[in-house]
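Remarks on the structure that follows.
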Amino acid sequence: MEQPLTRNIRADGEPLSLQEYEKAGGYQALRKALKSMQPRDVQKAVTDSNLRGRGGAGFPTGKKWSFVPMGDQAPHPKYVVVNADEMEPGTFKDRILMEGDPHQLIEGAILGAYAIEADVAYIFLRSEYKRSAERLARAIAEAYKGRYLGKSILGSSYNLELRLHISAGRYMCGEETGLLNSIEGKRAIPRNKPPYPQTSGLWGKPTVVNNVETFSCVPHIVNNGPDWFKKLSHTEDGGTKIYGVSGKVKRPGAWELPMGTTMREILEDYAGGMRDGLKLRGVIPGGASTEFVTPEDFDVKMDFDEMQKAGSRLGTGTMIVLDDHTCPVGMVLSLEVFFSRESCGWCTPCREGLPWVVDILQGLEDGRGQPGDLELLDMHIKHLAPGNTYCALAPGAMEPLAGALRHFQGDFEQHIREKRCPWK
């Protein structure tokens, strides 16, 4: 089984130096692109590979890049932004890539920038990722010294500046237009779309924003070709995927596996199943903002389309496990507290609705639940649905709540009936 994204990550946790990365084949994709490929050729390779964004939405990467105006008449400067604001609860895959193989991400960002004829690239990093910041800064300095960044990269006519931007820290910055506002020094709130960032993004110029794992795939696509990348997968979505598991399993962690690996295989063969004495009740499959999936659907392939058949989303592909000794109401309350605190407050449904949801769930946990509480929660799920808010924060926050009410409604009713949390 090929594992291109993690093959250079060492057991001791130390990243490869520039010389070690080059020895392992690093920056060969960039040399190939600059020597024998036009920017649109790189775009086409990524499009043909069926690479979809690994940040959660799963939008086709090459298609996103194709919306950027190209040629002599295109506005400049153009920008590429790496979204490394990994603040989704339960998600830790991008940190592994940044700490373990920072040059892979840098090479992917340069290739992405070349593909859209960008002049400047940013890595927008979550402020809490101190080790990632240190290692990325060192790798960027090495890349400049090695002439992979700056003027006339590798003797070509292509120039690119790469800057590491440390975020002030906010979940809202993970939304691409909130991220762009933050880089510009503004409040991290979502922008109206259209216009989309590909035509009017950072400082009103064409901009592409993609996730760390997405950019890390690009050097391997350029080096080995789109057909090779598609063959790594079990489904139509190309490549491998870093899947993760947290919760009361025997071996929590993250593994690079073929896209479309089933949840059952990940949970049983890699995470080792549940700890002794515990039973699995459900899983949030793609970070905190996805719906619960129960064991009946564990044989569904974990990709962007197949997960929808199980009533959820792939999201980031990092699972949070619910066991039979953990209160599902309390688990959802913990997630809703997070989402409520991280709301930017820009739109009324999110600003007012999420604290209301928290208050209802807290009441259930404290023994203050009322017969009409579940109807109120259902009302919020409907009113905070996609299309009713400026961005996806509130709709995402409603997904675990909707899944919990669908699969574990009896637990909510028990809280109301017994005027207490049965797990306390």
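With respect to the conditions (1) surrounded by fewer than 18 Cβ atoms within 10 Å (Cβ to Cβ); (2) closer than 30 Å to PRO400 by Cα, ARG10 falls short on a single one, namely (2). All of LEU354, LEU335 fail the test of being closer than 23 Å to ARG191 by Cα and buried (at least 17 other Cβ atoms within 10 Å of the Cβ), apart from LEU354.
Confirm whether ALA133 is without any contact (Cβ under 8 Å) to a residue 40 or more places away in the chain, surrounded by 17 or more Cβ atoms within 10 Å (Cβ to Cβ), within 22 Å of the chain's Cα centre (by Cα) and on the phi < 0 side of the Ramachandran plot. So ALA133 passes the test. Please determine, by comparing only the residues of the stretch 174-186 that are more than 21 Å from ALA397 (Cα to Cα) and touching a Phe, Trp or Tyr at 6+ places or on another chain (Cβ under 9 Å), which one is surrounded by the fewest Cβ atoms within 10 Å (Cβ to Cβ). This residue is GLU184. Applying the criterion of at least 2 residues that are over 22 Å from LEU164 (Cα atoms) and assigned by TED's automatic domain parsing to the domain that holds PRO195 to the helices (runs of 4 or more DSSP H) found wholly in the stretch 19-104 leaves 28-36, 39-48, 61-66. Residues of the stretch 60-92 that are modelled with pLDDT of 95 or more and of a type in the set (D, E, K, R): LYS63, LYS64, LYS78. Looking across the stretch 310-338, the residues that are touching a strand residue (DSSP E or B) at 6+ places or on another chain (Cβ under 9 Å), more than 18 Å from ALA394 (Cα to Cα) and not in a loop (DSSP other than H, G, I, E, B) come down to THR318, MET319, ILE320, VAL321, LEU322, ASP323, PRO328. From the list GLY272, GLY282, GLY225, GLY260, the lone residue that is among the small types (Gly, Ala, Ser) and either within 23 Å of GLY330 (Cα to Cα) or in contact with a Phe, Trp or Tyr (Cβ under 8 Å, 6 or more places away or on another chain) (or both) is GLY282.
Looking at the stretch 295-332 only, could you name the residues that are of a type in the set (Phe, Trp, Tyr) and buried (at least 23 other Cβ atoms within 10 Å of the Cβ)?
Here is the first cut: in the stretch 295-332, the ones of a type in the set (Phe, Trp, Tyr) are 298, 304.
Answer for the stretch 295-332, where residues must be of a type in the set (Phe, Trp, Tyr) and buried (at least 23 other Cβ atoms within 10 Å of the Cβ): just PHE304.
Of all residue pairs spaced 6 or more apart or on separate chains, those with beta-carbon atoms under 6 Å, a first member in the stretch 376-403 that is more than 14 Å from VAL332 (Cβ to Cβ) and a second member that is of a type in the set (Phe, Trp, Tyr) are TYR390/TRP346. I'd like to know if the stretch 154-173 contains one or more residues that are out of contact with any Asp or Glu (no Cβ under 8 Å at 6 or more places or on another chain), surrounded by fewer than 14 Cβ atoms within 10 Å (Cβ to Cβ) and charged (D, E, K, R). There is at least one residue in the stretch 154-173 that is out of contact with any Asp or Glu (no Cβ under 8 Å at 6 or more places or on another chain), surrounded by fewer than 14 Cβ atoms within 10 Å (Cβ to Cβ) and charged (D, E, K, R).
Taken over the stretch 20-59, the criterion of being surrounded by 15 or more Cβ atoms within 10 Å (Cβ to Cβ), in contact with a Gly (Cβ under 6 Å, 6 or more places away or on another chain) and modelled with pLDDT under 95 is satisfied by GLY56 alone. Considering only the stretch 192-200, I want to know if a residue exists there that is touching a residue at least 24 places away in the same chain (Cβ under 8 Å) and more than 24 Å from MET37 (Cα to Cα). Yes, the stretch 192-200 contains a residue that is touching a residue at least 24 places away in the same chain (Cβ under 8 Å) and more than 24 Å from MET37 (Cα to Cα).
Residues are listed down the side, and each one gets a yes or a no for (1) touching a helix residue (DSSP H, G or I) at 6+ places or on another chain (Cβ under 7 Å); (2) within 25 Å of ILE96 (Cα to Cα); (3) without any contact (Cβ under 8 Å) to a residue 40 or more places away in the chain:
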{"residue": "LYS230", "(1), (2), (3)": "no, yes, no"}
{"residue": "LYS248", "(1), (2), (3)": "no, yes, no"}
{"residue": "ASP276", "(1), (2), (3)": "no, no, yes"}
{"residue": "GLU296", "(1), (2), (3)": "no, no, yes"}
{"residue": "GLY311", "(1), (2), (3)": "no, no, no"}
{"residue": "VAL321", "(1), (2), (3)": "no, yes, no"}
{"residue": "THR326", "(1), (2), (3)": "no, no, no"}
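Among helices (runs of 4 or more DSSP H) entirely within the stretch 340-424, having at least 1 residues that are at negative phi and among the aromatic types (Phe, Trp, Tyr) singles out 348-366, 409-418.
The values are calculated or read from the model by the stated rules, or taken from the named source; none is laboratory data. Because the structure is a prediction, the values reported are computed rather than measured. All Cβ positions, glycine included, derive from the backbone under ideal geometry; neighbour counts span all protein chains shown.
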